[in-house]
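The numbers here are math on the coordinates, done by the rules we state, and not lab data. None of the values given here were measured: they were computed from a predicted structure. Counting neighbours? That spans all protein chains shown, and the Cβs are built from the backbone with ideal geometry, glycine included.
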Amino acid sequence: MQDQADLNSPERIDEIRAVIDRKPSLRLLYRETYQRYAECLGRCPEPGLALELGSGGGFAKECVPGILTSDLIPYPGVDLAVDGTSLPFDAASLRFIAMTNVFHHIPDVASFFREAERCLAPGGRILIVDQHPGLLSRPILKYLHHEPFLPQALEWRFASTGPLSGANGALPWLVFVRDRERFSRLFPRLRLVGYRPHTPLRYWLSGGLKRWNLLPRPACGAVIALERMLLDCSPNFGSFTDIEVVKV
């Protein structure tokens, strides 16, 4: 297991970007995600800023021109160093907030939602792309993944050891599935409009941000077809999910 201090080091950025660049199957997953950013942004009002939290080594600007990239870790090349629980923006100044594999690292998501509720303009949206404890991913998250996975947690908060090392991989499911009524009660101006599981296999086969890769680019078409078949059988085959929230 990688040292926690190393996981949170800004010096890892070159390694992260190199891994993404040399894995065409992983780059394709990122491009698909950024395309969904653009589609969600098209449902948002104007004017206002579009913000990505936890941009890390990604390349959202290539696919969503004008989006502000940010990260809690001050990586070179990212526009802003931003804590999602204390956003440096005026009220109603944002029209879109996006994040990929970030939500489950936020140790106090209630504070994030309060800030999002304050900063989003009416009609503004949040798109959270994150882990889903599906039929295939639950045993991976529980037994093979290096991050904590605590679906039994009673609270959304957790004690964080760092921006990347601290996590609860079950957090998106806890907030938006198990505790959906609680979310609606606490944040009545933030309405959940979609929880859509997807991508059963490709991320795991690509090795994610690890060095190894079991999914060469030529095999992606066949695996995508298999993923569609699995999702047609049950959405709960999805290993990841798109969570869309609108401010009313």
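Values computed for the structure shown
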{"quantity": "Pairs where the first residue, in segment 21-48, is touching a residue at least 60 places away in the same chain (Cβ under 8 Å) and the second is surrounded by fewer than 16 Cβ atoms within 10 Å (Cβ to Cβ), C-beta under 6 Å, 6+ apart", "calculated": "P24/R217; S25/R217; P45/G123"}
{"quantity": "Single residue of L127, L28 found to be part of a helix (DSSP H, G or I) and under 30 Å from A219 (Cα atoms)", "calculated": "L28"}
{"quantity": "Residues of segment 103-120 that turn out to be touching an Asp or Glu at 6+ places or on another chain (Cβ under 7 Å) and closer than 15 Å to V82 by Cα, as a count", "calculated": "1"}
{"quantity": "Of the criteria (1) within 30 Å of E11 (Cβ to Cβ); (2) among the β-branched types (V, I, T); (3) surrounded by fewer than 17 Cβ atoms within 10 Å (Cβ to Cβ), which one I224 fails", "calculated": "(1)"}
{"quantity": "Single residue of A18, A38 found to be hydrophobic (A, V, I, L, M, F, W, C) and either surrounded by fewer than 14 Cβ atoms within 10 Å (Cβ to Cβ) or in contact with a Gly (Cβ under 8 Å, 6 or more places away or on another chain) (or both)", "calculated": "A18"}
{"quantity": "Subset of segment 76-123 (residues that are under 18 Å from I243 (Cα atoms) and of a type in the set (K, R))", "calculated": "R95, R114"}
{"quantity": "From V245, V177, V193, residue being surrounded by 19 or more Cβ atoms within 10 Å (Cβ to Cβ) and closer than 30 Å to F113 by Cα", "calculated": "V245"}
{"quantity": "Some residue of segment 197-215 being within 20 Å of H132 (Cβ to Cβ), basic (K, R) and free of Cβ contacts under 8 Å to residues at least 60 places away in the same chain", "calculated": "no"}
{"quantity": "Condition broken by T85, with the remaining ones in (1) crowded, with 22+ Cβ neighbours inside 10 Å; (2) more than 23 Å from D21 (Cα to Cα); (3) among the β-branched types (V, I, T) satisfied", "calculated": "(1)"}
{"quantity": "Answer residue from segment 104-115, given it is touching a strand residue (DSSP E or B) at 6+ places or on another chain (Cβ under 7 Å) and surrounded by fewer than 24 Cβ atoms within 10 Å (Cβ to Cβ) and is farthest from P47 (Cα to Cα) among those", "calculated": "F113"}
{"quantity": "Residue within segment 93-116 that is part of a strand (DSSP E or B), more than 16 Å from F183 (Cβ to Cβ), of a type in the set (K, R) and in contact with a helix residue (DSSP H, G or I) (Cβ under 8 Å, 6 or more places away or on another chain) present", "calculated": "yes"}
{"quantity": "In segment 127-144, the residues that are free of Cβ contacts under 8 Å to residues at least 40 places away in the same chain and either aromatic (F, W, Y) or in contact with a Leu (Cβ under 9 Å, 6 or more places away or on another chain) (or both)", "calculated": "Y143"}
